Amino acid sequence: MDLKKLAGQAGQFLTRAVQYTEEKIGSAEKTELDGHFESLSLQAESARHWTEKLLTGAEAVLIPNPGNRVEDMIFEKIEKRRPNRLSNLEYLGLDMVQAGNEFGPGTAYGSALQKVGGAQQRLGLVEREFVSNAVQGYVQPMRKFLETEMKTITREKRLLETKRLDLDACKSRLRKARSADGQSSQKDAVDPKVLVAQAEADLRKAQADFDRQAEITKLLLEGVRSSQAAHLRHLNELIEAQAKYYEHSHKVMMELQTEMASLTTNPDEATRMKDTSSVPARDTAKETNTSAAKENGPKETEEDKSWRQAKVVCDYDATNREEMSLMMNEVVSYREKDGQSSDFVIAKRGNQTGRVPSAYLEPLDD
């Protein structure tokens, strides 16, 4: 039974191939569809082509990694949730936070790394939310259009082509039957009129099947044009998701800028600038009133005499509250303290004092 079916399908395929060849060389009649139908068919093909192109572009923007796109598509096919993977921004943010912990949250650089890392993580979450909303609001509906409506139209157009071939084959048999009827003789085993009647019945049935399939396909093609209203709605959802994404991202970056500005204008730097700006005035007063200061000024204590001047040779960020941050080329006072390691000294800048590494200072009064 299967062999007979297979042989029948092979014979039908061969017949179709011969029919197509005869149509190409113009030796066989081909039923043409009306101009309106052909116009609808071209519009549907254009809609399919550009929808596929737009969908591919949108997916490449939302999910740049091709492997991740394939993985997401597989999860959709098996009706499971997408993998909750971290974005590149979130990975960068994690690395920055860990580096900030390593360098020390008490240092300016360590603190900045933690703040920037936290902002990158928030940006990553905003990006993931945008991708999720865009996929649900735009990508999935557009893919559904291709996989349902357009696939149905393609299937029905293929079926219509089969009906057209059947119809043209019936027309050809009828012509042959009528030709045989005009050349019939008494010796013919089958009455040619019977063959003509049978061919006419087959033609009527084939014509009815073709007309019905053409009407079904035409209705589907007309529906493609009306689907543009839904596509416009999905496009608006993509734009809304994108606008929200950029709005939230801008907010995160503005907050980060404010936090970073507070780090670069810290109290230590402000104090240093204030002390530096007042140095010439003090030096001038000292030069003009030296003798008066010696006669009338307060006596220096032993502790005052222990302070020495030094130039900072390299920036230093304090690692705890007992230490003081230094800036290269500034001048500070320092002294050694009993009980302290020789690697550290006590430095003073204005009213601020703290431990600093002695290697960062170059004494000026040696």
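The values are calculated or read from the model by the stated rules, or taken from the named source; none is laboratory data. As the structure is a computational prediction, the values presented were derived from the model and not from experiment. Neighbour counts are summed over all protein chains in view; Cβ atoms, including those assigned to glycine, are modelled from backbone coordinates with ideal geometry.
Checking each residue of segment 180-199 against the condition of being within 30 Å of Leu146 (Cβ to Cβ) and over 42 Å from the mean Cα position of the chain (by Cα) gives no match. Restricting attention to segment 228-270 and to residues that are at pLDDT 95 or above and acidic (Asp, Glu), the residue that is farthest from Arg48 (Cα to Cα) turns out to be Glu247. No other residue among Glu52, Glu22 is under 30 Å from Asn133 (Cα atoms), surrounded by 11 or more Cβ atoms within 10 Å (Cβ to Cβ) and at pLDDT 65 or above apart from Glu52. Reported count of residues in segment 172-206, each being modelled with pLDDT under 90 and of a type in the set (D, E, K, R), is 9. Tallying residues that are over 26 Å from Lys30 (Cβ atoms) and in contact with a Phe, Trp or Tyr (Cβ under 7 Å, 6 or more places away or on another chain) within segment 128-184 yields 1.
Could you count how many residues in segment 90-131 are within 22 Å of Ser249 (Cβ to Cβ) and free of Cβ contacts under 8 Å to residues at least 40 places away in the same chain?
17
When each of Leu113, Leu89, Leu123 is tested for being at pLDDT below 90 and either among the β-branched types (Val, Ile, Thr) or crowded, with 19+ Cβ neighbours inside 10 Å (or both), the lone residue that passes is Leu89.
Filtering segment 26-49 to residues that are surrounded by 13 or more Cβ atoms within 10 Å (Cβ to Cβ) and either β-branched (Val, Ile, Thr) or not in a loop (DSSP other than H, G, I, E, B) (or both) leaves Thr31, Phe37, Leu40, Ser41, Gln43, Ala44, Glu45, Ala47, Arg48.
Can you pull out the residues in segment 92-110 that are assigned to a loop (DSSP other than H, G, I, E, B) and surrounded by 14 or more Cβ atoms within 10 Å (Cβ to Cβ)? Listed by number, the residues that qualify are Gly104, Gly106, Thr107.
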